[in-house]
Amino acid sequence: PAPQRTLVLVKPDGVRRGHVGEVLRRIEAKGYTLVAVELRHADEALLAEHYAEHAGKPFVGALVDFMRSGPVLAAVVEGHRVIEGFRSLAGATDPTVAAPGTIRGDLARDWGTKLIENVVHGSDGEESAAREIALWFPAL
Ligand code: DAT
Ligand code: MG
């Protein structure tokens, strides 16, 4: 079967706190392949598109502001069932309950703020993966 691709982001909290290497290490240790990696400062238009599914939700403004607060590491990662597999590596959205052993469980801090900062993003399905990869890496 053709390998699947997903979009992974190390969010500004992860970059600021020096977790880029650790996130990439876990992806490679699992046996997934890095297809593209780029450190960049995302603008508002890109992030509004990226989080289009959350448009209108109460946290989306704060989420976009947070995602613009510093550089992010964007990566396209390939492997069998990598969409589901990376979400499993990432762990639950809420860092307080994300299982130990997961990226969020081990590395994300709960700051007690209204916005959840949780170190990584991973596409949640084939359709969003295709959309997000085209958005972040139009040349691929
Ligand atoms: P995930 O990143 O696990 O796919 P999501 O797509 O539901 O989660 O939400 C995108 C991000 O928005 C999430 O990583 C953290 C933030 N977020 C989600 N729900 C939130 C909430 N109720 N309050 C604050 N931030 C939230
Ligand atoms: Mg999501």
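A few notes on this one:
- For the chain, the 222 nm mean residue ellipticity estimated from helices alone, with every DSSP H stretch of n ≥ 4 adding -39500 (n - 2.57) and the total spread over all residues, rounds to -10500 deg cm²/dmol.
- Residues whose placed amide H lies under 5 Å from that of SER123, excluding near-sequence neighbours: LEU7
- Rough spin-label spacing in nm, given labels placed 7 Å along Cα→Cβ, for THR93 and ASP65: 2.0
- Qualifying aspartates and glutamates (Cα of each under 14 Å from Cα of LYS11; at least 8 residues distant if same chain): GLU22, GLU38, ASP43, ASP65, GLU117
- Positive-end residue of HIS80, THR6, VAL37, charge dipole of the range 1-82 with Cβ unit charges: HIS80
Each reported figure results from applying straightforward, stated rules to the coordinates on display, with no laboratory input. Treat the numbers as computed from the prediction; the structure is a model and nothing was measured. Because the Cβ atoms are built from the backbone with ideal geometry, glycine has one as well, and the counts that use them run over all protein chains shown.
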